[in-house]
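All remarks here apply to the structure that follows.
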Amino acid sequence: MALVAELVEGLVRDLRYAARQLARTPGFTLIAVATLALGIGVNTAAFTVYESVALKPLAVRDPHQLVRVSASADLSPVDLPYSAFEDIQRDVHSLSSVIATSGPQSLVGMSPGETESRILSGRFVSPEYFTALGVSAVLGRTFGPGDENAVVLSHEGWRHLFHSARDVVGATITVRNVPLVIVGVTGPAFGGTGSPPAVPDLWVPSSLCHALLPGVDWIHDAAQRPWQVLGRLAPGATVAQASAELGVLAHRLAPIDGQQITLAARTATFFQADSGEFAVFGSVSRIAMVAVGLLLLIGCVNLVNLLVARNSTREREVAVRLALGASRGRIARLLCAESALLGLGGGAAGLLLSWWLCSWLRDWALTTLARVSGGLTGVFLDLSLDGRVLAYTAGLSLAVGVIVGISPALRAARGDVNAVLKQGTTGTEGPEFWRRRHWLVTAQIALCLVLLTAGGILVSGVRRSRVVDPGFDVAHVLLLWLDPAAQPASPAARAARYGDLVRQLREVPEVRTIAWSSYAPFVGHSLRSFRSETGEQHTFATNAVSADYLDALGIPLLAGRTFSAQEIEQHSPVVIISESIARRYWPGVDPVGRSVADYPWLAGPDSAPYTIIGVAKDVRGTYLSRVDEGYEYFPQPLAASGGMFVIGTRSPPAATARAVLTALSTMDPVLPSQAHLMPLGAGPLELQRLMATLPGAAVSSLALLGLLLASVGLFGVVSQVVARRTRDIGIHMALGAHRHQVVGLVMRSTLRPVVWGGTIGLCGALAVSALFARLLVLPDMPDLTYGAGAFNPAVFAGVLGVLLIVVTAACVLPAHRAASVDPAQVLRQE
């Protein structure tokens, strides 16, 4: 115990001394802390985003005990009927409590004092929802079993519906003439239970479904499946036990569309990033962490350079301490204490920087998502700093501070005491000393070149994304999506309702044509991959559409015709192919009228011998960044349960949207609350361009910051060369050397690491380009270069040019200072 106390006392003493030493050199301390703050702050911000999506648990009591019931049929995720929720609640004993929640629903309601209705987002939940989750209200209370017409506002709903009024409890919201009494408001950290990860304006008891959504019976109709189920593990139970019980229960549930349901349990998180839907996010996160890690590495190399320079000016102090009996380990520990303090200081400043970055990123992401989706998509994103983020930042700061300080500290402690005390200099300034410094600069230059190349490739894609032609008219297309849960369940009733809707919208003057499609451009896609008889890998996009789909988008029909009404209704075995398919399999021949029987991989989903009736122009329908390798259009009747309406407009889509909503309300007053309208050009198209802009802007910003740090580091090295060789330079000039010869001497001694760094960095840049090239051949990945290619000579030339300019600028001032040395003054000082 006494030994531990002595060690702690010695550590505190070292830290106090280190703090005094750093306070005496504020310029050095400020530069070092700012360098680390930049690297640690960006890394912390990146980790915060990853942690919020992939790791952060639900804001409920004992979140690790909460599991999500994962339901699937034929490997596709599905929601459940209310009867399945009741079966799980009754028969799965590994779960002490079970709750059900619907997806977000649009409700037309009116708040107190308002004269016009507005669309509210609500989720229907089982009565014990809040009790089972252990969520309390910050205002009022939550509802429970037995509460009638009671609703709970989310913090976001309270803020934008009631402007955070404190007297909201007891107020009434009217939805379809049903008064809903607000009994409470949840805290800002609770965003619901996710899937999709959007927080509603209010939570409504499931008993009110029939009153607020007429025409549906989500409680008693087993054919309607809007429910997601979660449960809390019973004491001593495990997730595996809950999954086993759910697997047994699944065999007793009614099939969905002829497919047996499978049930499993997984630990619940808000985004449920382990569901397989976030695989791309995981890949992007790893790439982002590598990129910000490179920036931190450049900053660390800079700090090592700064510490070496600082320690070299304290050689006499170190030599005196060693001569008086201090051990070399004690000296190294004292110097490491300074670097550790710098790391903690940089971490604290980096934490503030990351908090600002995350706040800005959250506001920007939510605003941008709402803008590009036309309000169709929202998300609850909690980027607050929690214990996990604080621990990450503290650990990273301390590790960086100690690691970057070990080598300079050990080098300083190994100095030649006799040489320093006799001459005031040390042998550490020999060739080996400068060789190590040069390798640090080499590493910085190489890392910068890699980041600059990646940024240059992505920026070229950003520029091209603004002018690329998708192959169809995006300026006069409006997408209409109806909430499928609120539509008739039977195909016949759904077809009749959709048919009435089409006839109603065709009478709107602003509507040119209207079509139905399983997928709209940039809004989901279906890809089929196969190998031809020659072994070539091909991937075609497929879509099921109505007769007017190509006309609604303005896609030219190069040969043949479109689907007839009879072919649509009978789902006839006919297909329209893209010109790339026609060119590949029928070069120079008209494929219209031919059967795909000789090419089984071209057959439809049921492998029937489809007949080609038309050839459409190639488009960029899956991703804006690349032309589809092949596209097949199959006939789709209106009775299909999934998909959306594609409306070709005569006027701008925003003006058409108002006319469409008016027509929907004339047909059925409830329809506007079930409808989501989105201009193709303002929503999905902008999202595609955003997908190009974000990586390019992020990597380019990191590259420029890294280049700034590297140039500062190079400037420091050149300045030290000049400072250390002042005597040699004076002698050279006294013997008749000219200014340009002195500048050349300095440049030759410092540009060698730049050349090595450029060579190594060029190899790394080629590796980055090879990585991009591999990504380009994947059919389900966007081409972030937008056709510019992974190996872009202009990018390589531009990157090398920028690097040359920065290196020259970093070397000119110290070299000019060297050439201005007064040899007489230098020799007098000697």
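The values are calculated or read from the model by the stated rules, or taken from the named source; none is laboratory data. Values in this document were obtained by computation on a predicted structure and should not be read as measured data. Counting neighbours? That spans all protein chains shown, and the Cβs are built from the backbone with ideal geometry, glycine included. Accessible surface areas use protein heavy atoms only, side chains included; no ligands, DNA or RNA. Shrake-Rupley method; radii C 1.70, N 1.55, O 1.52, S 1.80 Å.
Consider the range 171-182 and keep the residues that are in a strand (DSSP E or B) and in contact with a Leu (Cβ under 9 Å, 6 or more places away or on another chain). The one that is surrounded by the most Cβ atoms within 10 Å (Cβ to Cβ) is Ile173.
From the set of residues in the range 569-604 that are small (Gly, Ala, Ser) and part of a loop (DSSP other than H, G, I, E, B), which is surrounded by the fewest Cβ atoms within 10 Å (Cβ to Cβ)? Give the steps one after another, and end with the answer.
Of all residues in the range 569-604, those small (Gly, Ala, Ser) come to 572, 578, 580, 582, 588, 593, 595, 597, 603-604.
When the remaining residues are screened for being part of a loop (DSSP other than H, G, I, E, B), the result is 572, 588, 593, 603-604.
Details: Ser572: 17, Gly588: 6, Gly593: 9, Ala603: 18, Gly604: 19.
Looking at residues that are small (Gly, Ala, Ser) and part of a loop (DSSP other than H, G, I, E, B), I get Gly588.
Taking the stated definitions as given, is Val646 at pLDDT 85 or above, touching a Ser or Thr at 6+ places or on another chain (Cβ under 7 Å) and not in a loop (DSSP other than H, G, I, E, B)? So Val646 fits the description; yes. For Leu447, the requirement of being of a type outside the set (Val, Ile, Thr), over 24 Å from the mean Cα position of the chain (by Cα) and either crowded, with 20+ Cβ neighbours inside 10 Å or over 30 Å from Ser700 (Cα atoms) (or both) is not met. For the range 163-170, the count of residues that are closer than 26 Å to Ser384 by Cα and outside any loop (DSSP other than H, G, I, E, B) is zero.
Name every residue in the range 545-563 that is outside any strand (DSSP E or B) and more than 25 Å from Pro491 (Cα to Cα), in order of residue number.
So in the range 545-563, the residues outside any strand (DSSP E or B) come out as 546-556, 561-563.
Those that are outside any strand (DSSP E or B) and more than 25 Å from Pro491 (Cα to Cα): Asp551, Leu553, Gly554, Ile555, Pro556, Arg561.
The condition of being more than 18 Å from Asp483 (Cβ to Cβ), in contact (Cβ under 8 Å) with a residue 24 or more places away in the chain and not charged (D, E, K, R) holds for only one of Pro200, Pro179, Pro214, that being Pro179.
Residue check: Gln566 meets all listed conditions (1) assigned to a helix (DSSP H, G or I); (2) closer than 17 Å to Asp618 by Cα but one, namely (2). Residues of the range 475-528 that are basic (Lys, Arg) and open to solvent by 40 Å² or more (accessible area, probe 1.4 Å): Arg497, Arg503, Arg506, Arg512, Arg528.
Based on this model, can you work out whether Thr131 counts as open to solvent by less than 50 Å² (accessible area, probe 1.4 Å) and under 35 Å from the mean Cα position of the chain (by Cα)?
On the way: open to solvent by less than 50 Å² (accessible area, probe 1.4 Å): no; under 35 Å from the mean Cα position of the chain (by Cα): yes.
Spelling it out, it is not the case that Thr131 is open to solvent by less than 50 Å² (accessible area, probe 1.4 Å) and under 35 Å from the mean Cα position of the chain (by Cα).
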